[in-house]
Structure formats: structure tokens, C-alpha cells
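The values are calculated or read from the model by the stated rules, or taken from the named source; none is laboratory data. Predicted model, so just to flag it, every value in this text is computed and none were measured. Cβ placement follows ideal geometry from the backbone for every residue including glycine, while neighbour counts extend to all protein chains displayed. Ligands, DNA and RNA are excluded from the accessible area calculation, which covers all protein heavy atoms including side chains. Shrake-Rupley method; radii C 1.70, N 1.55, O 1.52, S 1.80 Å.
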Amino acid sequence: MDLYRLGAWQLRELLKKREVSPLEVVKALLQRIKEKDGRINAFLTVDEEGALEQARRSEALIQDVEQYPLAGVPVGIKDVLVTWGLRTTAGSRMLENFVPPYDATAVKRLKEAGAIIIGKLNMDEFAMGSSNENSAFGPVHNPYDLQRVPGGSSGGSAAAVAAGLVPVALGSDTGGSIRQPAAFCGIVGLKPTYGRVSRFGLIAFASSLDQVGPMTRNVRDAALLYRVISGHDPADSTSAQLPPHDVLDVVENSQSLKGLKIAVPWKELEGADEIVKDRFERVVETLRSLGAEVGEVEMPSFRYAVAVYYIIAPSEASSNLARYDGVKYGLRIEGEDLVDTYFKTRGRGFGREVKRRIMLGTYALSAGYYDAYYLKAQRVRTLIKQDFENVFAEHDLVIMPTSPTPAFKIGEKIQDPLTMYLNDIFTIPANLAGVPAISLPCGFSPEGLPVGFQFMGPLFKEDVLFAAAAAYEKARGEYFNRVAEI
Amino acid sequence: MKELSREEVLKIARLARLELEDKEIETLRRELGAILGYVARLGEAGADNLDPTFQTLAKPTPMREDEPDEPLGADGVLANAPRKKDGFFVVPKVIE
Amino acid sequence: MKGDYEAVIGLEIHVQMSTRTKMFCSCPVEFGAPPNQNTCPVCTGMPGVLPVINARAVEYAVKAALALGAKVNLKSVMARKNYFYPDLPKGYQISQYELPLAEGGQVVIETENGEKVIRLVRLHIEEDAGKLIHDEKGESLVDLNRAGTPLMEIVTMPDLSSPQEASAFMREVRKIMRYLGISEGDMEKGHLRCDANVSVRRRGEAQLGTKTEVKNMNSFRFVEKALEYEIRRQVQILEEGGEVVQETRLFDPSTGTTRSMRSKEEAHDYRYFPDPDLIPLVLDKNWVDRIEENLPELPRAKKERYIKELNLPPYDAGVLTETKEIAEFFEKVVAEGVSPKKASNWVMVEVMRIIKEKELNIRHLALSPSSLAKLIRMVEEGKLTGNMAKDVLDVCASTGKDPEEVAQEKGYEVLSDEGELESVVRKIVDEHPDEVQKYLSGKDKIIGWFVGQVMRELKGKADPRKAGELVRRILNEKKGS
């Protein structure tokens, strides 16, 4: 049996029946990582010893499914979530040797659920990028075509899950960083409602947009992880107090989509590739066949989403990244005096994309430009939020392709930041409005590249997302639970 | 939008404490100019009378009780310090 | 200052609130801990950390705002102030900018020309920075114990016109904060810090002069000295036909001068924006109202009440209301039935002498207000002489014993038998004919000498007033003979 092909839920079932042991699972995955990751570069840190140790300890927990729903299940963590005692780099030279003295809340909850943290996954530096080419530790390769990008910024997480290096992983999504790589790598990626999963210990990129979420090969695994990591956290002032739904139950019982009203903002999809449009139209057919009513809506504010995002996110980032000054931790390049040390440390410690965004954000917040850029962008954000509110007054969900294209070639867009940014056009609106969205695989291009689409729901309606996602998965099972052959 | 001037780029870099090589400055003049040019479309959105959405979460900020916890302490906090001495972080001379 | 110039001064005061924990994390606030001991990932700005507001800090700031007559904004916004400095771990300070916690308000100070109202612009909450220590090798050491300590910033209108008014304002603010119990207000520990915006102009001119910002004035005396120097400096520049440069200047206590901070020449651009990690601070109106209802009586109101209702002289009322503890002590003594003026005399003179000698806060004095009241009554009833009472008071103040008990232990009792007193007086008079002659020749003051002899003979047990009366009567008897 190829253990690496199994998802979290399936592994959990086998573990509980004692058909496999946690140690066997971990060893199988470590072996798979050793064999395959050289070509993908998904892992920045593999915690071999720690994983084996956790596996031994989880033996005792595997019967208690209620208390330890993930006992013995290996999980990969995007290297933007801090892990106690385990190097956390955020994909940056700046934090190359940073060993955090605490766990992110999401990580802590995984551990408390019995999960085994097998290692830390590659990403665009400080989660800034759509291709994973901005990692200080080399690009990640798409397991479906090693010449292509896996998407970003959670590219390592997506590639690792798609290639069977881990059954499930955590990513983070600021403007599509879970969903776009999930689409590029043919897996499931959920960006929960802003406030649903604690951001404590998530190295901040853009604080009003960042959310942590699961990346998995099937919908049930996403629900399993989501249930563990979500919920109120007093350490995060932006954490919602609402109790999360039992989405596993929802997934279990989802059958038809009868009566579900789904909206498509067709006008905003014109820029998508033909192949993406084609696969998306098939999604619409499938959803109709499941009983959903799919209708057209207008969401004209979406055409401003990229512009809004590329002001707000860099502005917040310019402030969030000020702490990397070479004083307390991380890289320091000593200069003649303090100020010189700041300039050298930050000038050389950050990569090109990060510097570009810090510059952009600093500009947008600086005296004389705040109103014209930052404040204006936040006003237009209101327009986007209103478009969602209006549509959700009449509809249950919105669907769109996740990305206008399938995975592009490594090096293809990296010289032109604006073109790269426009790749996020379908994912950004959900972050700006805070609404939950889940990307699901919906087939392949003729070259064999995965294509994805996303459901977006009203605030805190993850249960509706999961119900629709599970129904779609049942109808189109062939796109799920796939492991790329490499 | 046209390119940013070299002075503008340098002024922002100073605020952000980023050392830039000459080549980077030239690239940034062009790239930032292009991005800001694209962003100019926000002016057509007609949102000037709307309230800004700084956050999407509609709830008041939660507050903490004033109860002390065990701090992490100097050893833990200094563990990753590039330079330290006698329980302090050490930084190069600060010119005042 | 030359007679034809006047100074225009506005202050920004930072008050450290006496919470147990920091503004955004649960690290203890403690003065003098070993470096970086009271720190955690949050207050050292580690990657991934988030702030959570200390409810008590908000409560204290609301109390202060209400006490200063400011309007509390039920919705206020925390904002980031971005700048780089090694004592600022996140590279930004969480403060407030647009929509502060409170706006307006005023403080009344006493000046040589009477009372003066100083208007306030705003009051907001923010976190403190850490400390930088410069060592002999030219390196700097960073201690983040103070980083994240809750501060309140109070900004005045430019209503102050002299260094004395500035320090009077600071004192008044400190008094109010202490009354509210929200800050220890110890300037040496940095609980109270102040920056000033100073300009000068020719008297009668409407236009304001160019201002400078003076920093680092860490005691009341330094506030006065720094401002005096800075005003003199500016007047001199103008007198010589020069122009004042708008800049930040640092006060140097060792020379008593201010100097330009060159590194701050680069124009500041703090890039304030609402902190996305903290949702707007929304206060419940009922909660604010309850705080307002429960505000203690403030020093000025108390002083006025002492003058009007207790008929105390303004001087007494001022001294007694200087701290809340002294006022409370005094009020308890009065509540025991002692007349306000008597209570005032004893508290102002004897009690304050003792706490000064012992360097004690009145709260830690062993003497209770009811013991003092009892002691005062014993004197009124003639059971103790004034001198006895002072002795007894000293013992009570350090032991907490009952004054009656102490008087007994010391064997203090006033001779109540007038016959015995009279016989002693007669004996003394008879034994000193020379002194009697002096009295008879008009030296009236000699009576005091006789009283002294009587008191010595009786080991102080007599009521000196009564003894004096008797001495005079008996000496007068001699006149006739």
C-alpha cells in the first residue's frame, strides 16, 4: 500500500484500526520526501527527528478520535507560521536562522489534536508572490510540470500535498495565496472568513487580509483541518467569537444542491484563458445537474480589486516588516553606525519583491499621498464589500475560476510585476471583503495542467461552502485525491 | 503614470531604511511608476463618498484583564539576538 | 526675559499608568527589573505576534479624561506610528492619531496672577518604548522591559506663558493622576514625562513665532530650567535680528542648555494608519457613565469645599489637599468630631512633620486618624499639655498604640488639683525673691521663667496656661503688699 497516496481522513481510519502505525506513516512520508523533494523543493525544513518522536508519542492517542482527531496524521506547515523550537524563515534570508520561542495558535491546535508536524514548507518571501519564485531558498516546481510554477505564495504547501509528500498542509491566503497554488496543483484550498482562524503566530504580511487555511487533496480533509484550527483565540483581537460549524457533518451529509442559488459575475471573467473558461463552464453544468440555480450577476467593483489590493497589502506590509531591523533576531549586516546597519540589513536581507512592496506601501502611506492612495483604496474596498453584500442578499454563493490561467512557466512573469499581480484578479476580492472561499480542482488543460475554480460565500458561512464543495466532489470525484506522478 | 524620479525613490527608501543599488533604483522608478499608473483607476470608481473599510470584522475590540503572566524573560528573548551582552541586545552606535 | 517678549508654550505630557501589566501583553510592569526580564514575544516584536488591549489601561485613561473634563469618544482608533529606533521593537508604536480616546478638557493652575485655565487638545493612549543605554565602547544596549508599558498622552493648547506655569501645570496633572490612583507620577522613574513646544513673540503681537520642540525634561526643576533657557535663547536670536529654526532640541541637565538633535533633522513622516491588528475601541456609554459617577472628589473641588464648608484658610486647604491620602486622613479626624481648624493644625504641623522625618507615606503611618482625634480631645479636655501630646503622638506614630495608653505609660497626667498647683507656685515664688522684684519693677516677661520653674518642679504635669494664670495672680498679690 502506498501510504503517501492517502489523505488525512483515510490515514486516520487505518491508524484507528491499527492497520498502520503512526511511525510507519511518518517513515513512508519521510522516504517519499527524500526521493522526490529534490525535484520540487517544497520543504525548507524537514523535522525528521521531531516527526519520529511525535509519531511514537501519538501511538497512545490514536483511539481517542474525539480528543485527538488528527492523532498520527503528518501535516506540513507553510513556513510563515511560527513553530516552537523549529526554524521558521518566512522564505526570507532575513529569518534564515530564526528559531521561534512559541507556537502559532493554528500550529498549537494541530499539535493538541495529535497531528505530527513533519516540516516547514517553502513559500514566496513573507508570502509576497503568486509563483513561489520569490523564495530566498529557491523556487518550488509544480509536480504536474517541473518547468512550471506551483503558484504562490503557499507554493511549497500546494506542491507537497499534490506530490504526496504530505497528506495535508497549512497555507496562508492574503490575496489568493492558498487558492491559486491549490488550483495550479490540482488540490483543495480553503481561505476561511477573516477572523475564523487565529492569526497569532502567522508572520504578518497584510494584517487585515491574512488568513490561515488548509490545503488538502479532498474536501473532507479540508473540513477536518478547518475544524481543528478554527475558533476564537483571545490572543488575536481580530478573532471572531462565533463558534464554527461542524463542517465534517456537513460534508458527510451533502448530496444535492437543490435550491442553492449560485451567482456568476460573467463580465468579470472575460480576461480568463479559453481553457479556464471552458473548464469553468463545465463546473456550471455540473452544479446545475446537482440542482443548483446558477445565474448571472454584476460585480463591477471587481475590476478595481487588484488596484485596491496592491495599495492596501503593501501599505500594511511596509509597517509589518519594519521589525526586521537586525536588532532583536534574524539577519544583521553590520554597518558604520546604527542607521547604516538598518540600511544594509534591510537592503540585503529582503528580496526584490519584498523591497518593491515595502517601497510601494511606504509611498502610499507617506505624507501627501495617504488620502490619494491608502484612504482611497480603503473606500473602494467598501464598494467591493457592498457588491458581495448585494449579491449575497439574493444568492447563497458566488463562483469564479480561481486563476485566469493554469500554471505558467518559471521565469515567465517574474520580470513584470504588474502582469504577475493581475494573475490574482479572481482571488483578491474575497480577501478584501473578508468572505470565505474554497478552491477546488475542475479538470486539466490539454497539457495536463490542473485548473481550479472557487466557491465564495457570505461571511462565516463556511458550512455552505463545504456543503457545495462536497457535493461537487461527489459528482466529479476523478479530480480529487490525485497524487502527481513524478 | 510616468516613472518616479530618482529623488522620490531615494526619499521612500530612506523612510523604509532600504539600501538600494543604482540598478535597483532605476528598476524601481519604472516599476513603481507602472503600478501607480495602474492604480490610478481607483479615481474612476466613484467611492469618494463611501466610508473606508479598514477591517471587515464588525465587532468592538476585545480587551484583556490586567493579570500578569510569567514573562518569557531575557534568555528566551535574546536567544535569536545577533549580538547580546549582559542581558541586553547590543546595537552599533546610535548617533543623536 | 526682556520685558517686551512673551513666551507661548504648549505641552505634551506622557503619563505612565500604574497597571500591573503592559498595554498589549501580560508581561508585568515593574521598575528596576534586570534587563529584558519582563519581556515576551509580543513586547519584543517577534514575528507573528499580535496585541490585545489591557482593559485597565483603557479604564484609567477614561478616568483621567473625565476628571480633566474631556469628551470621551465612544469609538476611538488605535493607529501605528512608524519610525525606526532600536528601543521600538516593532518599528512602529501603537498609539492613537485620528479619533483619540478623548478630546478637549482643561486644567486650572494657580499663577502669581491668580487662577488660569489651560485648555487641552486631546488625550490618547499608547505604548511606551524600551530604553537605550550608551556604553563606553560607543555601542548601545537595548533593554525592552519598558517597551509596551501603558502611557497616556495629554496635549495642551499653547496656553502656558512661562516656565513656572508649565511646571505648575505638570504638578497639577500629577496631583490629579494621583488622586485618581492611575499613576504614581514619579518623575524620577519616568512616570511623568514632558515635551514642550516653545515660541516667543513681542508682547501684544497676534502672530505666533517659530516654535521649537524641547525634549528630555525629566523633573519639575528641569522643566523650568529648560524652558527658561530656551526662551532666553530664542529672545536673544530675535534681538540679534536672527530667525528661530523650527527643530527638536534636547535639554542637557548637566549644562542647563538645550541643543539641536541633528539626527532628527530628516523631516519626520510617521505614516500613521489605523492598526489592522486592533479593531476600533468601542466603549459602552453606561460603562463610561459609571466611571464618571464614581470619580473621586478632585483636589480643586476638595480645596474649595474645605474653604467654604469647613472655613479653613486657603493656605490650610491647599496643604491638606496636596495629596489624597493627607486629605483623607484629615477628613477622618474631622469625622471623629474634632473641629476642622484644630484637626488641620495637628495634621499640617505634627503629622506632616512626622511623615517628613520618617519619609513615610501617610498610608503607612501607624497612627490612625481616630487616635489623633482622641489625642486632640485629651488636650482640649486639659488631660494632656501640648508638649505631652507631641511626645505621645511620636510614640503612637511609630507603634500604633492608643494615645491614652501611651500617656499612662509615660506617666503623663495633668495636675488637676488646683490646690496642689497653687502651693507649688507659692513655693517657687517664695524661693525667688530677686525674680519677684524684677516682675514688680515691670519686667512682665519673667512670668514665663516662673512657669518654667513650676513645670520643672511638677515634671511637666501641669497645664502651662493655668500655671501662668496662677503665677500672675500670686505675683500680683505681692504688688499690693
Original post:
Which value, to two decimals, describes the C-alpha radius of gyration of the stretch C:25-86 once divided by 2.2 N^0.38 Å?
Top reply: 1.43
**OP:** Take the alpha-carbon centre of the stretch A:266-337, take the same for the stretch A:181-204, and report the distance between them in whole Å.
**Re:** 12 Å
Original post:
Quick one: if you stick a label point 7 Å off each Cα along the C-beta vector at C:Gln236 and C:Lys342, how many nm between them?
Top reply: 5.9 nm
**OP:** Using Cα positions and a limit of under 13 Å, work out the aspartates and glutamates in reach of A:Lys108, with same-chain residues fewer than 8 apart set aside.
**Re:** A:Asp233
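Where does the stretch C:174-294 land on the Kirkwood hydrodynamic radius, alpha-carbon pairs, in angstrom? Write out the running numbers ahead of the final one.
On the way: mean 1/r = 0.0561 Å⁻¹.
Every distinct Cα pair counted, the radius reaches 17.8 Å.
Quick one: if the Förster radius is 45 Å, what FRET efficiency do C:Glu381 and C:Arg221 give, using the C-beta to C-beta distance and rounding to 0.05? Intermediate results must be reported in sequence, preceding the final value.
Numbers: r = 46 Å, r/R0 = 1.03.
Computed FRET efficiency for C:Glu381 and C:Arg221 comes out at 0.45.
When the helices in the protein assembly as shown are scored as -39500 (n - 2.57) per DSSP H run of 4 or longer and the sum is shared across all residues, what 222 nm value do you end up with, to the nearest 500 deg cm²/dmol? Before the final figure, lay out the partial values.
On the way: 35 runs with 403 residues, N = 1063.
Helices in the protein assembly as shown give a 222 nm mean residue ellipticity of -11500 deg cm²/dmol.
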Original post:
Got a sec to turn the phi values of the stretch A:124-130 into Karplus ³J(HN,Hα) couplings, 6.51 cos²θ - 1.76 cosθ + 1.60 with θ = phi - 60°, whole Hz, x for Gly and Pro?
Top reply: 5, 3, 6, 6, 9, x, 10
Original post:
Nearest 10 degrees, 0 to 90: what angle lies between the long axis of helix C:299-309 and the longest principal axis of chain C (Cα atoms)?
Top reply: 30 degrees
Subject >> Accessible area of the stretch A:126-265 belonging to carbon and sulfur atoms, whole % at 1.4 Å probe >> reply: 49 percent
Subject >> the protein assembly as shown: translational diffusion in µm²/s, Stokes-Einstein, Kirkwood Rh over Cα pairs, 4 °C, 1.567 mPa s >> reply: 39 µm²/s
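Seen from all sides and averaged, what is the projected area of the convex hull of the Cα atoms in the stretch C:156-196, in nm²? Walk me through the numbers before you get to the answer.
On the way: hull surface 12.3 nm².
So the Cα hull casts an average projection of 3.1 nm².
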**OP:** Over the stretch A:151-235, give the accessible area per residue in Å² for a 1.4 Å probe, as an integer.
**Re:** 7 Å²
**OP:** Set the Förster distance to 30 Å, then compute FRET efficiency between A:Ser256 and A:Val65 from the Cβ-Cβ distance, nearest 0.05.
**Re:** 0.60
Subject >> Rounded to whole Hz, the Karplus (6.51, -1.76, 1.60) HN-Hα couplings of the stretch C:442-456, x for glycine and proline >> reply: x, 7, 5, 5, 4, 4, x, 4, 4, 4, x, 4, 5, 4, 5
Original post:
Can you pull the mean other chain C-beta count within 10 Å for peptide C:52-60?
Top reply: 4
**OP:** Compute the distance in nm between two label points, each set 7 Å from the Cα along the Cα-to-Cβ direction, one at A:Leu242 and one at A:Glu389.
**Re:** 1.5 nm
Original post:
With every protein chain left in place, what is the accessible area per residue of the stretch C:2-287 in square angstrom, probe 1.4 Å?
Top reply: 38 Å²
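In chain C, carbon and sulfur make up what percent of the accessible area (probe 1.4 Å)? All intermediate terms of the calculation are to be shown ahead of the outcome.
Values: 10210 of 21750 Å².
Using a 1.4 Å probe with all protein chains present, chain C comes out at 47 percent carbon and sulfur.
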Subject >> Relative contact order of chain A, pairs being alpha-carbon contacts under 8 Å that are 6 or more residues apart, as % >> reply: 18 percent
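Which value, in Å³ per residue, describes the convex hull spanned by the Cα atoms of chain B? Don't skip to the end; give the middle numbers.
Details: hull volume 25.0 nm³, N = 96.
Output value, Cα hull per residue: 260 Å³.
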Subject >> Translational D in µm²/s for chain C (Stokes-Einstein at 25 °C, 0.890 mPa s, Kirkwood Rh from C-alpha pairs) >> reply: 91 µm²/s
**OP:** Could you work out how far helix C:386-399 tilts from the main Cα principal axis of chain C, as a 0 to 90 degree angle to the nearest 10?
**Re:** 50 degrees
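Of the listed peptides C:79-92, A:273-286, what is their order by residue-averaged count of other C-beta atoms within 10 Å, with the highest listed first? Please list the in-between numbers first.
Working: C:79-92: 22.4, A:273-286: 16.7.
Going from most to least packed, we get C:79-92, A:273-286.
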**OP:** Using amide H atoms built 1.01 Å from N in the peptide plane, name the residues 5+ places from A:Asn134, or on other chains, whose amide H lies under 5 Å from its own.
**Re:** A:Glu125
Subject >> Amide H contacts under 5 Å for B:Lys93, placed H, 5+ residues apart >> reply: A:Leu338, C:Ser140
Original post:
For B:28-38, what's the mean count of beta carbons from other chains sitting within 10 Å of each residue's beta carbon?
Top reply: 5
Original post:
Can you give the charge dipole size of chain C about its Cα centre, rounded to the nearest 20 debye, using +1 on the beta carbon of Lys and Arg and -1 on the beta carbon of Asp and Glu?
Top reply: 420 debye
Original post:
Stretched out fully, how many nm does the piece from A:Ala475 to A:Glu96 gain, at 0.36 nm a residue minus the Cα gap?
Top reply: 132.0 nm
Original post:
Which one of C:Val282, C:Leu295, C:Met177 is farthest out on the positive end of the charge dipole of the stretch C:165-300, using unit charges on Cβ (Lys, Arg +1; Asp, Glu -1) and the Cα centre as origin?
Top reply: C:Met177
Subject >> Interatomic Cα distance distribution for the stretch A:358-460, bins of 5 angstrom, percent >> reply: 2, 11, 15, 17, 17, 15, 13, 7, 2, 1, 0
Original post:
For all pairs of alpha-carbon atoms in the stretch C:2-287, what percent lies in each bin of width 5 Å, listed from the first bin to the last filled one?
Top reply: 1, 5, 11, 15, 18, 17, 15, 9, 5, 3, 1, 0
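Taking 0.36 nm per residue of separation and subtracting the Cα-Cα distance, what length does fully extending C:Val349 through C:Glu297 add?
Values: separation 52, 0.36 × 52 = 18.72 nm, distance 2.40 nm.
Result: 16.3 nm gained on full extension.
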Subject >> Where only alpha carbons of the stretch C:85-169 are counted, the Rg and the Dmax (Å) >> reply: 17.6, 52
**OP:** Would you tell me the mean number of C-beta atoms belonging to other protein chains that fall within 10 Å of each C-beta in A:363-372, as a whole number?
**Re:** 5
**OP:** Provide the buried accessible surface between chains A and B in square angstrom, both chains summed, 1.4 Å probe, rounded to the nearest 100.
**Re:** 5300 Å²
**OP:** Could you please state how large a percent of the accessible area of chain B is carbon and sulfur, counting protein chains only and using a 1.4 Å probe?
**Re:** 47 percent
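For chain B, what's the relative contact order in percent, using C-alpha pairs closer than 8 Å and at least 6 residues apart? All intermediate terms of the calculation are to be shown ahead of the outcome.
On the way: 42 pairs, mean separation 21.3, N = 96.
Relative contact order, chain B: 22 percent.
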**OP:** Would you mind giving the total buried accessible surface between chains C and B, with a 1.4 Å probe and ligands, DNA and RNA left out, rounded to the nearest 100 Å²?
**Re:** 3900 Å²
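I'd like to compare C:280-292, A:339-351, C:314-326: which one has the highest average count of other Cβ atoms within 10 Å, and what's the full order after that? Can you show the working numbers first?
Numbers: C:280-292: 13.8, A:339-351: 21.8, C:314-326: 18.7.
Per-residue mean Cβ counts within 10 Å order the peptides as A:339-351, C:314-326, C:280-292.
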**OP:** For the stretch C:418-479, just list the percent of Cα-Cα distances falling in each 10 Å bin from zero outward, please.
**Re:** 24, 62, 14, 0
Original post:
Mind ordering C:45-53, A:310-318 by average Cβ neighbours within 10 Å, highest first?
Top reply: A:310-318, C:45-53
**OP:** With a probe of 1.4 Å, find how much accessible area the stretch C:418-479 has per residue, and write the answer as a whole number in Å².
**Re:** 60 Å²
Original post:
To the nearest 10 degrees, how steeply does helix C:369-380 sit against the main Cα axis of chain C, on a 0 to 90 scale?
Top reply: 30 degrees
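Kindly compute the accessible surface that chains A and C hide from a 1.4 Å probe when together, both sides summed, and give it to the nearest 100 Å².
On the way: alone 17920 and 24820 Å², together 40080 Å².
Chains A and C together bury approximately 2700 Å².
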Original post:
From a point 7 Å beyond the Cα of B:Lys85 in the direction of its Cβ, which residues of the stretch C:126-151 have a backbone N at a distance under 15 Å?
Top reply: C:132-143
Original post:
Just for the Cα atoms in the stretch C:297-410, what are the lengths along the principal axes, largest first, rounded to whole Å?
Top reply: 42, 30, 19
**OP:** Mind jotting down the distance between the C-alpha centroids of the stretch C:192-271 and the stretch A:408-486, whole Å?
**Re:** 60 Å
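Treat the stretch A:298-362 as a sphere of radius equal to its Kirkwood radius over Cα pairs and apply Stokes-Einstein at 20 °C in a medium of 1.002 mPa s; give the translational diffusion coefficient in µm²/s, rounded to a whole number. Can you show the working numbers first?
Details: Rh = 13.2 Å.
Using the Kirkwood radius from Cα pairs, D works out to 163 µm²/s.
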**OP:** Starting from the Cα of B:Met63, step 7 Å along the direction of its Cβ; do the same at C:Gln437; then give the gap between the two resulting points in nm.
**Re:** 8.5 nm
